[in-house]
Amino acid sequence: MERNMMIAGFGGQGVMTMGKLLAEATSQATDLNVTFFPSYGAAMRGGTSNCYVVISDEPIGAPVSYNLEDLVVMNGPSLRKFLPNLKPGGTLFVNSTIVTEEVERDDIKIVKAPATQMAIDINNPRALNVIMLGVYVGATDAVPEEVIVKGIEHKFQAKPHLIEPNVDAFKMGLELGRQQK
Amino acid sequence: MAERVFMKGTEAIAEAAVRAGCRFFAGYPITPQNEIPEYMARRLPEVGGSFVQGESEVASVNMLYGAASTGIRAMSSSSSCGISLYSEGVSYCASARIPMVYVNVQRGGPGIGAIQPAQQDYLQATKASGNGGFRMIVLAPDSVQECVDMVYEAFDLAERDQNPVLLLTDGVMGTMMEPVVLPEMRSDEELKAFREKFMPRAIVGHPLGQQAFCRPGSVGDGQEQENIKAAAMYETWDKDVRVEEYMMDDAEIVFAAYGISARISRAVLRELRKQGIKAGMIRPITVSPFPYDAFRNLDFDRVKGIIDVEMSIPAQMRWDIDFAVQNRVPVKEVLRSGGQLLTNDQVMNGAMEFIKEVL
Amino acid sequence: MAEEKKVYTRTKGIIEGAVSGFCPGCMHSTVHKLIGEAAEELGALDKLVRVEGVGCCGLGQFYVTCDETIAAHGRAGAVATGVKRSSPDSLVYTYQGDGDLAAIGLAETMSAANRGENFTVIFVNNGIYGMTGGQMAPTTLVGMKSTTTPKGRDPEEHGYPMHMSEIINQLTAPYYIERVSCDTAQHVIKARKAIKKAFQYQLEGRGYCLVEIVTSCPTNWGLDTLKSLDFLRDKMFTEYPLGVFRDKGAEEK
């Protein structure tokens, strides 16, 4: 079973970190095949940013898909640009603090989470990506939650004081995701 | 078993090279391979090696030529239009029979092309990477793990043949992260032994009468004699041909692809199998020497067609396929180029069109 | 009977019995001899590595006894960088002409100098391409005829002669830069001293040293050997004055 997902947003929203955290944590804690593929362009600050994560129990072909199971959009332009790449029956994850427009497709499942606002509310504005990752894992069970918790512990091993707030943020998202499963 | 780590292709290549004993790297910035020189700039000083950011690709490959001529394990990397500028130095290394390793993380072309991935340097890589008609072993990995294993082995092949070895990969493999198991670090003793073997030829200074002369060319009939020796060495490469024949036992539809295109084709043909279509794949792992026999020896009564999948327009590996197949079955091309990525769906669609025609 | 004392012997840096095949009046043979002598006096012949440029410079391969590689045209600075970084105990020098160092290899020349690479550059400047048949070099004098400037070098069209020692002297890293010649016995002695000093500095790990040697090319200048010497002194030395441009070693003393 292969699962293709894409995460897209503004630079600075932690899009790459979110994808990498999911992919690396999966690589470390499971024996699944996993790829992380960042879009890359000319080095530039403040542009749009996106990445692909593929998780599979079989060898992975292209690490990129235009026929996605899951699409996470953190801003409006990403929604408009990448929504056509979500396959019918796929799931769209929307950062509803930033993306306020209506989604004009009725053949997909939509999971909304005000990730930016939630991050601000817990005084950890940079954690919006970890919250969104929680929402994603909660709604899809793409990987067991412990995988990501371990991944967060690993990622912040040099800054241990950041582990707890990020695990908390992740679990907050997880809860919200499960509610919309 | 060693732990698997999650690494970007370019960084995995760099670490594997260091573990293989690479102690000199020169390179010039070009996307999408910048992480290789950046990694080397951090890593090589830790192991007593030397990193130089060359003033150009031309300078970098000539630094590589100089460093490798002292018997040290040396490497460089670049991408497509940068690799064009390597022609001079690679040709010199081949002429002087200097072992060295270089990496092409291919991007779109021709010209400056696109910084996004492509496979548009196949003919250059396999047929004429510089003037003079020399040949090289060219390895084409299809995963980050193979990138690692092949760059590690490339140094041994280069030393065995006293010839350059090229790792031909692309911007997908270069920027993609995948789980990978890294090889053991070559010990200082091993590296010393490698260098000791080369020492009589190494241009490091010798006692009078034992002059080491690194000769990238010669006068009189010397050059022809060198070419005859090199040609004889190329002839020994039949044993080095590597090819993956995947699900070929009963295949009626044969994908032909290397590198990134091969891994995509593999995923697609597994889907086709689920639909009852007998698909298989021939994946050249060494694109030079090319596995012609894998194509020549196909059962042409059974095989109904070949699908050549490449991220290049026009197709390039097609030349080698045609050379072996000689029109005995139809060949369909599924191609993208200029930095446009192939996806599983595109290959599937192309394959289905063809299958309807030939089955 | 007074004891006989040997005051001169042929350097072991030149192949025994080899006879110069350079054109009459060419100074390459003298420079090769001086390099051999300098390295021998320093006891460093067995660690000497020559990175040879292309052109008449490349003919040196038939005479020298030291380890050697041949760089592609212009790339000696890059090749020497690779050699020296990988074999720091070797005594590495490049041997390059004006076309090699100042035209096709300008980027490699400037960049190696700017990095302060610890090798020695022997730059033979005769203001013209030799082996390829007398084409214009970056160092060709204004008005000087070459096979590609049949009416003489015209600054409007071809620009002006490049002064490589002066240009490299604009960089911070180089340790020692001197311009010498080989037209008189006195100048030959000075040239040998300069080469020896540059080698000594390299052995001490001081960094980039350039010895420019202004020479004649009777064949491609279209002059006989004596008139070439006149031209060298009247015209070349005017454009390319001899002297020390930089000697950080002397400043430190």
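Since every read-out is calculated from the coordinates, none of them should be taken as a lab result. Values in this document were obtained by computation on a predicted structure and should not be read as measured data. So basically every Cβ, Gly included, is an ideal-geometry build from the backbone, and we count neighbours across all protein chains shown.
In the stretch C:154-253, which GluC sites (Glu not before Pro) fall in coil by DSSP and have 16 or fewer other Cβ atoms within 10 Å?
C:GLU204
Compute the helix-to-body angle for B:57-68: its Cα long axis versus the longest principal axis of chain B, expressed 0 to 90° and rounded to tens.
Roughly 60 degrees, rounded to the nearest 10.
For chain A, compute the number of Lys pairs whose alpha carbons are separated by less than 14 Å, excluding pairs fewer than 8 positions apart on the same chain.
6
Roughly how crowded by other chains is peptide B:170-177, in terms of the mean Cβ count from those chains within 10 Å of each of its Cβ atoms?
Per-residue shielding by partner chains comes out at 5.
The stretch B:18-89 to the stretch C:12-79: how many Å between their Cα centroids?
Cα centroid of the stretch B:18-89 versus Cα centroid of the stretch C:12-79: 28 Å apart.
With charges only on Cβ, +1 for K and R and -1 for D and E, what is the dipole size of the stretch A:2-179 about its Cα centre, in debye, rounded to 20?
Around 600 debye, computed over the stretch A:2-179.
If contacts are Cα pairs under 8 angstrom and at least 6 residues apart, what is the relative contact order of the stretch C:28-252 in percent?
19 percent
Report, in whole Å, the centroid distance computed from the Cα atoms of the stretch B:252-288 and the stretch C:187-233.
The stretch B:252-288 and the stretch C:187-233 have Cα centres separated by 64 Å.
Less than 13 Å apart at the alpha-carbon level, and either on another chain or at least 8 residues along: which aspartates and glutamates does that give for B:LYS332?
Straight-distance partners of B:LYS332: B:ASP308, B:GLU310, B:ASP322, B:GLU353, B:GLU357.
Enumerate the amide H contacts of A:ILE98 below 5 Å, restricted to partners 5 or more residues apart or on another chain; note that Pro and chain-start residues carry no placed amide H.
Close amide H contacts, sequence-distant or interchain: A:THR116.
About the Cα centre, and with charges only on the beta carbon of Lys, Arg (+1) and Asp, Glu (-1), how big is the dipole of the stretch B:4-239? Nearest 20 debye, please.
I would put it at about 360 debye.
So what is the 222 nm mean residue ellipticity for chain B from helices alone, if each DSSP H run of at least 4 adds -39500 (n - 2.57) and you divide by all residues, rounding to the nearest 500 deg cm²/dmol?
Dividing the helical sum by the residues of chain B leaves -12000 deg cm²/dmol.
For chain B, set up a Gaussian network in which alpha carbons nearer than 10 Å are linked by springs, and say which option among B:ASP308, B:ASP221, B:ASP250 fluctuates the most.
Among B:ASP308, B:ASP221, B:ASP250, the largest mean-square fluctuation in the Gaussian network model of chain B belongs to B:ASP221.
So how far, in whole Å, is the C-alpha centre of the stretch B:317-359 from the one of the stretch A:1-74?
The stretch B:317-359 and the stretch A:1-74 have Cα centres separated by 28 Å.
List the residues, sorted by chain then number, that are 5 or more residues from B:ASP308 or on another chain and whose placed amide H is less than 5 Å from its amide H.
B:ALA256, B:LYS332, B:GLU333, B:VAL334
Can you give the log10 of the normalised intensity I(q)/I(0) at q = 0.12, 0.18, 0.21, 0.24 Å⁻¹, computed with Debye over equal Cα scatterers of the stretch A:81-181?
Results for the stretch A:81-181 at q = 0.12, 0.18, 0.21, 0.24 Å⁻¹ read -0.41, -0.84, -1.05, -1.24.
If the cut-off is a Cα-Cα distance under 19 Å, which aspartates and glutamates reach C:LYS193, setting aside same-chain residues fewer than 8 apart in sequence?
C:GLU37, C:GLU40, C:GLU41, C:GLU178, C:ASP183, C:GLU204, C:GLU212, C:ASP247, C:GLU251, C:GLU252
Angle between the Cα long axis of helix B:259-274 and the longest principal axis of chain B, 0 to 90 degrees, nearest 10?
On a 0 to 90 degree scale, this one is about 30.
Show me the three semi-axes of the equivalent ellipsoid for the stretch B:1-94, from the C-alpha gyration tensor (sqrt of 5 times each eigenvalue), largest first, rounded to whole Å.
In descending order, the three semi-axes are 22, 16, 11 Å.
Considering Cα pairs under 8 angstrom that are at least six residues apart, work out the relative contact order of the stretch B:4-239 and quote it in whole percent.
RCO, the stretch B:4-239: 25 percent.
Considering every Cα-Cα pair within the stretch A:1-154, what fraction, in whole percent, is farther apart than 27 Å?
Cα-Cα pairs of the stretch A:1-154 separated by over 27 Å account for 16 percent.
List the lysines whose alpha-carbon lies under 21 Å from that of C:LYS145, not counting same-chain residues fewer than 8 positions away?
Excluding near neighbours in sequence, the set is C:LYS227, C:LYS235.
Is the C-alpha gyration tensor of chain B telling us rounded, prolate or oblate? Criteria: a/c under 1.5 is rounded; beyond that, a/b larger than b/c is prolate, otherwise oblate.
Prolate.
With the cut-off at 1.5 for a/c, could you classify the stretch B:244-358 from its C-alpha gyration tensor as rounded, prolate or oblate?
Judged from the Cα gyration tensor, the stretch B:244-358 comes out rounded (a/c under 1.5).
Residues with beta-carbon under 13 Å from that of C:GLY13, excluding C:GLY13: net charge, scoring Lys, Arg +1 and Asp, Glu -1?
Here the count lands on 0.
Can you give the Rg to Rh ratio for the stretch B:136-177, taking only C-alpha atoms and Rh from Kirkwood?
Rg divided by Rh gives 1.01.
Report, to the nearest 10°, how far helix B:222-235 tilts away from the longest principal axis of the Cα atoms in chain B, using its own Cα long axis and a range of 0 to 90°.
Long axis of B:222-235 versus the principal axis of chain B: about 40 degrees.
Inside 10 Å of the C-beta atoms of A:32-40, what's the mean count of C-beta atoms belonging to other chains?
Average neighbour count from other chains, rounded to a whole number: 5.
For chain C, what is the percent of antiparallel DSSP beta bridges, rounded to the nearest 5?
20 percent
Averaged over B:342-349, how many beta carbons belonging to a partner chain fall within 10 Å of each residue's beta carbon?
Neighbouring Cβ atoms belonging to other protein chains average 4 per residue here.
The stretch A:43-130: which GluC sites (Glu not before Pro) are DSSP loop and have at most 15 other beta-carbon atoms within 10 angstrom?
Passing both the DSSP loop test and the Cβ count: A:GLU101, A:GLU102, A:GLU104.
Give me the mean projected area, in nm² to one decimal, of the convex hull enclosing the Cα positions of the protein assembly as shown.
Averaging across all directions leaves 42.7 nm² for the Cα convex hull.
When DSSP beta bridges are limited to those with both residues in the protein assembly as shown, what percentage is antiparallel, rounded to the nearest 5?
Just about 30 percent of them are antiparallel.
Cβ under 10 Å from C:SER181's Cβ, C:SER181 left aside: what net charge do those residues give with Lys, Arg +1 and Asp, Glu -1?
With Lys, Arg at +1 and Asp, Glu at -1, the net is +1.
Answer rounded, prolate or oblate for chain C, using the Cα gyration tensor with square roots of eigenvalues a ≥ b ≥ c: rounded when a/c is under 1.5, else prolate when a/b is larger than b/c, else oblate.
Judged from the Cα gyration tensor, chain C comes out oblate (a/c at least 1.5, b/c at or above a/b).
Loop only per DSSP, at most 15 neighbouring Cβ atoms within 10 Å: give me the chymotrypsin sites (Phe, Trp or Tyr not before Pro) in the stretch C:1-94, ordered by residue number.
C:TYR8
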